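The values are calculated or read from the model by the stated rules, or taken from the named source; none is laboratory data. Remember, predicted model here, so these are calculated numbers, not experimental data. Here Cβ is always computed from backbone atoms with ideal geometry, including for glycine, and neighbour counts include all displayed protein chains. These accessible areas exclude ligands, DNA and RNA; they are computed on the full protein's heavy atoms, side chains included. Shrake-Rupley method; radii C 1.70, N 1.55, O 1.52, S 1.80 Å.
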Amino acid sequence: MTQNANPLQQYFRRPALYIRLNSNGQWWAPGSLDMPSNQELPVYPMTAIDEITYRTPDALFNGSAVANVVQSCIPNIKNAWSAPGTDINSILVAIRIASYGHNMEINTKCPNCGAESDFSIDLRMILDRIKEPDYNKTIRQGDLEVAIIPISYKHQNESNLKQFEQQRVIQQIQGDANLSDEEKIAELNKALHKITELTIETLKYSIGSIRTPHALVTDIEHIHEFLVNCDRKFYQEIRDHMIDLRTTTDIPPFDIECPECSHKWQQTLTLDQAAFFGVAS
């Protein structure tokens with residue numbers, strides 16, 4: 001027995017805008033993205049369930065809220081965990097525009113006089129200013145050539161969670177009155193060593209390949225072993241290059257002038273948090 005079509009279907013949400021991904025679909029895992037022939041992805045407003053999901057602290061903390069809302073609002077994205085870092089900011093800004101409009105009110109505090117003020121920013125301008133890094137540039141040392149790729153949202157989120165845990169451990173060590181200074185130093189050294197290990201873990205997912213005169217190495221564990229054992233200078237060069245590329249996809253700061261003292265400064269905008277989606281403008 002066939003189910004009758006819902007007469008309310010014509011009133012379901014419709015795409016509010018269309019976006020092109022900075023990556024043009026590159027770097028996505030097979031099957032995780034259904035790219036239209038015109039490369040423009042429809043972006044739907046959030047549903048009531050999406051908004052509740054984004055306000056659930058545990059889901060927001062572990063990244064599942066972001067992944068679920070992205071897949072709901074951009075159905076062409078089948079697996080948001082696979083999204084390369086080069087696309088995630090554009091995707092979140094587009095969903096915010098589709099759900100609440102292009103104007104967003106933010107509250108800021110003047111670093112000069114301390115006065116608090118509300119400012120309105122046009123998220124369409126922010127969306128236009130997010131750029132795709134140049135991943136064609138490689139890093140060379142001698143006869144080695146290292147190619148960098150964007151890290152996936154899944155691996156970046158896992159890294160952020162582990163880094164957060166280690167930062168919390170460091171705070172607990174520093175505030176533990178039962179530990180002597182020598183014990184605190186020993187425990188802090190362990191925590192800092194763990195943070196370095198986490199950085200290497202992130203770096204290995206940011207390297208697409210390492211070319212030698214005789215081989216093209218893509219095995220992730222071989223790359224990890226190389227990062228652990230390469231010289232400090234080359235490791236830092238790889239790390240700094242990766243950070244520079246990732247910074248390109250960050251939302252550029254915008255200029256603000258305090259209405260009280262006329263002080264001017266640049267304000268940053270953070271996306272991956274409940275406040276970005278929790279209040280309509």
Q) Which one of these does residue 117 not meet: (1) out of contact with any helix residue (DSSP H, G or I) (no Cβ under 6 Å at 6 or more places or on another chain); (2) open to solvent by less than 30 Å² (accessible area, probe 1.4 Å); (3) assigned to a helix (DSSP H, G or I)? A) (3)
**Q.** Tabulated pairs, region 105-118, first within 16 Å of residue 268 (Cβ to Cβ) and in contact (Cβ under 8 Å) with a residue 12 or more places away in the chain, second among the aliphatic types (A, V, I, L, M) and open to solvent by less than 20 Å² (accessible area, probe 1.4 Å), C-beta under 7 angstrom, 6+ apart or interchain
**A.** 106/121; 108/256
(Q) Can you tell me which residue is nearest to the chain's Cα centre (by Cα) among those in region 47-71 that are open to solvent by less than 30 Å² (accessible area, probe 1.4 Å) and closer than 20 Å to residue 14 by Cβ? (A) 70
Q: Tell me, please, whether a residue that is hydrophobic (A, V, I, L, M, F, W, C), farther than 23 Å from residue 208 by Cα and buried (at least 19 other Cβ atoms within 10 Å of the Cβ) can be found in region 160-169.
A: no
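One line per residue, one yes/no per condition, for (1) without any contact (Cβ under 8 Å) to a residue 60 or more places away in the chain; (2) over 30 Å from residue 30 (Cα atoms); (3) under 27 Å from the mean Cα position of the chain (by Cα):
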position	(1), (2), (3)
149	no, no, yes
153	no, no, yes
193	yes, yes, yes
214	yes, no, no
220	yes, no, yes
226	yes, no, yes
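Check 254, 234 and return the single one that is open to solvent by less than 50 Å² (accessible area, probe 1.4 Å), aromatic (Phe, Trp, Tyr) and more than 25 Å from residue 136 (Cβ to Cβ). Explain how you work it out, then say what you get.
Details: 234 fails: more than 25 Å from residue 136 (Cβ to Cβ).
Of the residues listed, the single one that is open to solvent by less than 50 Å² (accessible area, probe 1.4 Å), aromatic (Phe, Trp, Tyr) and more than 25 Å from residue 136 (Cβ to Cβ) is 254.
Kindly indicate the residue of region 237-251 that is open to solvent by less than 30 Å² (accessible area, probe 1.4 Å) and of a type in the set (A, V, I, L, M) and also modelled with the highest pLDDT among those meeting that condition. Talk me through it step by step, then tell me what you get.
Here is the first cut: in region 237-251, the ones open to solvent by less than 30 Å² (accessible area, probe 1.4 Å) are 238, 241-242, 245, 249, 251.
Next, only the ones that are of a type in the set (A, V, I, L, M) stay: 238, 242, 245, 251.
Values: 238: 93, 242: 88, 245: 86, 251: 77.
Across region 237-251, the extreme among qualifying residues is 238.
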Q: Within region 32-48, track down each residue that is farther than 28 Å from residue 252 by Cβ and touching a Ser or Thr at 6+ places or on another chain (Cβ under 8 Å).
A: 47
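Each row is one residue, and each column tells you yes or no for (1) under 30 Å from residue 240 (Cβ atoms); (2) open to solvent by less than 40 Å² (accessible area, probe 1.4 Å).
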| residue | (1), (2) |
| --- | --- |
| 104 | no, yes |
| 146 | yes, yes |
| 150 | yes, yes |
| 175 | no, no |
**Q.** Residue that is modelled with the lowest pLDDT [pool: residues in region 69-86 that are closer than 17 Å to residue 249 by Cβ and among the polar types (S, T, N, Q)]
**A.** 86
